[in-house]
Structure formats: structure tokens, C-alpha cells
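Okay, structure first, notes after.
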Amino acid sequence: MTRIAIIGAGFGGVAAAAELLRQGFRDIVLLEKADRIGGVWRDNIYPGCACDVPAPLYSYSFALNPDWSRRYPPHQEILAYLDRCARDLGVLDLIRFGTEVADASWDGTAWTITTTGGDELHADVLIPAVGQLSRPSIPSLPGADTFQGPKMHTAQWNPSVPIENRRIGVIGTGASVIQLVPEIADKAAHIAVFQRTAPWTVPKPDRRYGRFRRAAYRRMPALMRLSRGATWALTLVQGAAVAGNPVATRVVRTYSKAQRHIQVRDPLLRAKVTPDEPLGCKRVLFTNAWLPALTRPDVDLITEKIVEITPTGVRTADGQDHPCDVLVYGTGFAATEFLVPIRVTGRNGTPLSEAWSEGAHAYLGVTVPGFPNMFLIYGPNTNTGNTSVIYFHESQARYIAQAVRLIAKGNTPLEVREDRATTYDTEIQKRLAHTVWTGCQSWYRTATGRIVTNWPGKATEYRRRTARLDPTDFTSGATLSALDHREC
Ligand code: NAP
């Protein structure tokens with residue numbers, strides 16, 4: 001029996017386990033460092049946290065949910081949905097909670113996995129599904145250690161830290177902060193938001209889903225599929241804008257400008273919130289509440305550079321001290337450091353960190369030469385700026401299930417050919433060089449500028465390219481090809 005170890009029980013890990021179960025594999029374990037499932041939806045509990053991909057699309061295609069309360073549901077609802085899916089699909093029973101993987105090494109025939117607690121497990125197939133946004137990035141600002149009040153990253157929100165009547169300093173103006181600030185503005189005495197770059201925003205077409213809609217979805221699932229299809233079509237416009245289609249770009253820019261003009265009357269503030277980076281080089285943010293929050297008398301948007309954190313607040317380059325009782329880092333994630341801090345060692349004792357010394361790369365974002373029987377979910381260059389990442393998870397899960405079937409049938413390890421992986425990587429990087437993402441520094445790029453997170457094409461292209469595993473992409477291709485054509 002093929003032993004399969006999946007690292008991480010977020011949307012990606014659950015998708016992989018569900019697909020493998022569907023294909024008849026039973027010896028599956030999910031190693032989850034926390035005490036419950038959910039990945040980013042478990043970790044991000046800051047006030048206002050919600051999905052900015054519409055729920056009809058931000059769900060598994062095989063488990064559409066008629067009960068979403070609104071188009072952009074809050075994080076608790078998404079977490080509850082994932083919980084339900086994991087239980088209904090039989091994945092929950094396979095999870096080993098409180099198990100953090102420290103080390104995974106290929107010993108020539110199988111993977112030896114060591115946990116931080118010193119336990120050792122063995123698996124034929126290793127599926128890291130640890131996500132791209134799981135490790136908070138906190139800048140090392142001078143004096144940060146001297147700050148006397150509580151400080152926390154948005155992804156490490158501590159609900160016991162009081163916000164009421166406190167002066168809150170918030171660093172960053174990304175996807176998390178634009179949700180957080182409007183939500184806490186009524187409670188805090190004052191909020192100072194420190195902006196380095198103005199993000200592109202557009203109105204969020206959010207709405208409640210009423211009783212009748214939910215009842216109709218329950219009775220007629222085809223309606224849900226229709227809603228999913230319509231949402232998909234909308235994301236194509238956004239995708240086209242990011243891909244540089246001049247008409248789509250103009251539509252989105254105009255929409256964004258109109259929002260600023262309607263929501264911000266003060267010309268000085270409007271100038272501050274007007275982006276100067278190309279549209280789409282960072283994630284375009286959907287929000288109705290962010291700009292109105294910035295117009296409040298008790299919220300200040302500070303665009304001067306932070307030079308120092310002092311014991312009582314933040315000092316900016318103009319010499320101003322901004323007193324704060326609580327400091328919030330909305331400074332994003334170390335997204336380009338895939339799999340860190342897990343030490344992964346492949347064939348010939350090669351560390352993955354060495355294979356990826358110039359930036360993470362993987363064939364189809366899934367498989368890496370020198371690392372047999374290892375298949376990634378949400379690996380390098382599989383992030384999407386405009387549609388649902390769950391669509392990519394499902395594509396990867398199906399591809400991986402084919403790989404595991406071949407491994408089981410052939411009783412032989414599967415390792416992607418170096419030449420195929422190199423040709424693929426060259427193609428992806430060449431295409432990425434012509435995308436808007438080269439237009440600014442973001443979590444999509446390493447310090448040297450290589451884009452390691454994003455997929456350069458349409459999601460449908462990714463689905464097509466991963467739909468059928470080609471055995472000749474692997475070192476034992478010829479034998480496997482013969483096996484692939486033989487019925488089980
Ligand atoms: P982010 O979008 O990467 O934003 C980080 C912010 O911190 C940026 O404004 C950045 O400024 C600023 N920053 C970083 N280092 C700084 C420094 N040293 N000094 C001053 N400012 C600094 O991070 P995020 O908001 O956590 O979102 C990350 C990703 O998570 C999103 O792109 C999205 O994919 C996902 N997310 C999704 C949702 C959702 O609704 N689905 C919600 C939250 C997050 P610069 O722009 O100048 O770099």
C-alpha cells in the first residue's frame with residue numbers, strides 16, 4: 001500500500017487528501033502543526049478578515065455551498081465550510097494535529113519525515129501543502145524591540161489585546177490592513193496608518209445572500225453552478241486588466257478613480273491614496289470601507305517614511321513622533337521562501353534550499369528534479385492574482401493523484417526529468433518577464449526580482465496543462481508510459 005504524507009491541512013492539503021481518497025488510496029496522513037485545520041483561515045482572525053474572492057468561486061467545485069451568508073463571507077464562515085468539507089469527505093480522521101514537520105529526507109526508496117517533537121514517520125509519497133502566505137513577514141525597523149505596548153502581525157492577531165480607546169499604529173496598506181482599519185476605527189481612540197505605497201482599490205460588489213436564494217441553491221444546485229460560472233466570467237475581466245488588455249485596464253482604472261473621487265473629497269488625502277504603481281503589479285484590492293475610514297478625523301494616513309520605532313510610538317522621516325499604544329504589522333508574508341523552515345533533502349543528499357538557491361521553481365509548480373515522489377500543492381508559480389486559488393489546488397490534486405497511481409502501479413519512484421523542468425521554467429520566466437508584476441517589488445518576487453509565486457497565464461491553461469500527466473516527463477518515463485496504458 002502506498003503511504004502518503006501530506007504536510008498541512010488547509011484548503012490545499014484537504015483538496016489533495018480528498019482526491020487521493022476518491023482514487024482509492026487509504027494510507028494517507030495529514031501532518032498539521034496547529035490544533036485545527038484551516039491554514040490562513042485559521043491563522044488570520046483580525047477584525048474584518050474576509051475573502052476577497054467571491055464565495056461561489058472560493059469553494060471546492062465538488063462541494064459547492066448553498067449556505068454562504070454573503071458574496072464575500074467572513075473568515076469564520078470559510079473556516080466552518082472547510083471544517084465541514086474535511087469531515088464530510090473523510091479527511092478529518094486522517095489528520096494528525098499538533099505535528100510540525102522539521103525535516104524530510106529521501107532515503108533512496110521513501111521519505112523519512114521527522115517532526116519537531118522528534119517523531120519519525122516514513123512515507124512513499126510526500127505532498128507539502130503549506131501554502132504561500134503562512135509565514136508573517138515583520139520588517140526589522142530600528143528600535144522595534146523598545147516599543148513598550150503590545151505589537152502583533154495581522155496574521156498573529158491577539159484578541160485579548162484591547163483596541164477600545166487605544167491609539168493604534170498600523171504599518172502597511174495591503175489586503176489585510178484595508179479590511180482591518182475600517183473594522184476597528186469605531187473602537188480605537190485614534191489610528192495612524194503608515195503607508196509606503198498606495199494600493200489600487202476598486203469597489204467590492206458584496207451583498208447578503210437572502211433566505212430565498214439559499215433555499216433555491218439547495219433545491220437546484222444547477223443555479224449554484226450558474227452563479228459560479230458568472231463569477232468566473234467576471235474574474236476574466238480582472239485577469240485581462242492585469243494581463244495588460246488595454247480596454248480592461250482602462251475600465252478598472254476608471255472604476256478605481258471614480259471610487260477615489262466619490263469617497264475622498266479632500267484633494268490632499270486623495271493625492272495620497274492615488275496609486276503611482278502600474279495597475280495589478282500588486283493585488284488589486286476590493287473594498288467599500290477603506291477610503292471612507294481614511295477620511296475620519298480620528299484616522300491619519302501617514303506617508304512619511306518610518307525611520308524608527310520608539311518606546312511610545314513611531315517616528316517618521318519628517319521628525320514627527322506618532323504616539324501609539326498598540327502596534328500592528330500589516331506587512332505581509334515571506335511568500336517567496338517556499339517550505340521554509342522545513343529542511344527537505346532529496347536524492348544524493350541535496351537540500352531543497354540549494355536546488356532553489358536562485359528562487360523556487362517546480363515543473364508545473366508541482367514537482368522538482370532531484371526530489372523523487374515529492375509533489376507540491378500551491379508550489380512555485382501557481383498563485384493567481386484574480387481568480388480562486390482553490391481552482392489551482394484541484395488541478396494539482398488531480399495531477400498528483402495520477403502520479404501516485406503510477407508510483408503504486410510501477411512500484412518505482414517518480415522523478416521529473418531535469419531537461420523538462422528546465423525548459424518549463426525557462427518558458428514560465430520568459431512569459432513572466434512580460435507581465436505587469438515586474439513593474440514593482442511585491443511578495444510575488446524575490447529580492448533579486450525573480451517572480452516565484454505567480455502563474456503567467458490563464459487558470460484554464462494551467463488546468464489544461466496539468467490535466468493529464470505525461471509519464472515521459474519523468475526519468476523512468478518509458479516503463480511508466482507502458483504501465484500507464486495498462487488497465488489496473
Ligand atoms: P501585503 O499585501 O503584502 O501588504 C503588505 C503591506 O505592508 C504593504 O502595504 C507594504 O508596502 C507594507 N510594508 C511591508 N514592509 C514595510 C515596511 N518595512 N515599511 C512600511 N510598510 C511596509 O500583505 P497582506 O495585506 O497581508 O496581504 C498579503 C496577501 O494575502 C494578499 O495579497 C492576498 O493575496 C492575501 N490576503 C487575502 C485576503 C482575502 O481577502 N482573500 C485578505 C488578506 C490577505 P509596499 O506596498 O510599499 O510594499
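For Lys458, go through the lysines and keep the ones whose alpha-carbon is under 28 Å away, minus same-chain ones fewer than eight residues off.
Candidates past the 8-residue exclusion: Lys204, Lys257, Lys282, Lys430.
Take the Cα coordinates of the chain, assign each an equal point scatterer, and use the Debye formula without solvent to give log10 I(q)/I(0) at q = 0.08 Å⁻¹.
The calculated log intensity ratios at q = 0.08 Å⁻¹ are -0.51.
Once phi is turned into ³J(HN,Hα) by the Karplus curve 6.51 cos²θ - 1.76 cosθ + 1.60 with θ = phi - 60°, what whole-Hz value does each residue of the range 324-337 show in order, with x for glycine and proline?
Coupling constants for the range 324-337: 9, 8, 9, 10, 10, 8, x, 9, x, 9, 7, 6, 7, 8 Hz.
If amide hydrogens are placed 1.01 Å from N in the peptide plane, which non-local residues have theirs closer than 5 Å to the one on Thr367?
Here the answer is Leu376, since their amide H atoms fall under 5 Å of that of Thr367.
Just to check I understand the Karplus step: with θ = phi - 60° and J = 6.51 cos²θ - 1.76 cosθ + 1.60, what whole-Hz values come out for the range 104-118, glycine and proline as x?
9, 10, 7, 9, x, 10, 7, 9, 9, 10, 10, 8, 5, x, x
Which aspartates and glutamates, if any, have their Cα less than 14 Å from the Cα of Lys151, not counting same-chain residues under 8 positions apart?
Here the aspartates and glutamates satisfying the reach criterion relative to Lys151 are Asp325.
Highest first, please rank the peptides 388-401, 106-119 by the mean number of other Cβ atoms sitting within 10 Å of their residues.
Output ranking for 388-401, 106-119: 388-401, 106-119.
Between Gln429 and Arg343, what is the spin-label point distance in nm, taking each point 7 Å from the Cα along the Cα→C-beta axis?
2.8
Quick one: order Asp35, Asp43, Asp425 from most to least accessible surface, probe 1.4 Å.
Order by accessible area, largest first: Asp35, Asp43, Asp425.
Is the range 81-162 best put as rounded, prolate or oblate by its Cα gyration tensor, with a ≥ b ≥ c the root eigenvalues, rounded for a/c under 1.5, and otherwise prolate when a/b is larger than b/c, oblate when not?
Note, shape of the range 81-162 comes out oblate.
Given R₀ = 51 Å, what would the calculated FRET efficiency be for Ala334 paired with Phe212, taking r from the Cβ atoms and rounding to 0.05?
0.70
Among 174-183, 433-442, 49-58, 202-211, what's the highest-first ranking by average C-beta atoms within 10 angstrom per residue?
174-183, 49-58, 433-442, 202-211
With just the Cα atoms defining each centre, how far is the range 95-173 from the range 274-331? Give it in Å.
25
Rounded to the nearest percent, how much of the accessible area of the chain (1.4 Å probe, protein heavy atoms only) is carbon and sulfur?
Here carbon and sulfur together make up 52 percent of the probe-accessible area.
Once you sort the root eigenvalues of the Cα gyration tensor of the range 12-82 as a ≥ b ≥ c, which label holds: rounded (a/c under 1.5), prolate (a/b larger than b/c) or oblate (the other case)?
Since a/c reaches 1.5 but b/c is at least a/b, the shape of the range 12-82 is classed as oblate.
Kindly state, to the nearest 0.05, the FRET efficiency for Ser105 paired with Leu223, given R0 = 45 Å and r defined as their beta-carbon distance.
Efficiency computed from Cβ-Cβ geometry: 0.35.
Just to confirm a number: summing +1 for Lys and Arg and -1 for Asp and Glu over residues other than Glu427 whose beta-carbon lies under 12 angstrom from that of Glu427, what do you get?
Numbers: positive: Arg420, Lys430, Arg431, Arg465; negative: Asp425, Glu461.
Counting the neighbours of Glu427, the net charge comes to +2.
Compare the peptides 155-162, 402-409 by average per-residue count of other Cβ atoms within 10 angstrom and give them in order, highest first. Numbers along the way, then the final one.
Details: 155-162: 13.2, 402-409: 19.8.
My ranking of the peptides, most packed first, is 402-409, 155-162.
Picking from Thr382, Met224, Ile95, whose Cα lies most toward the positive end of the charge dipole for the chain (charges on Cβ: Lys, Arg +1; Asp, Glu -1)?
Met224
The values are calculated or read from the model by the stated rules, or taken from the named source; none is laboratory data. Predicted, not measured: the structure shown is a model, and the values here were computed from it. Please note: Cβ atoms are built from the backbone with ideal geometry, for glycine as well, and neighbour counts cover all protein chains shown. Heavy atoms of the whole protein, side chains included, go into the accessibility calculation; ligands, DNA and RNA do not. Shrake-Rupley method; radii C 1.70, N 1.55, O 1.52, S 1.80 Å.
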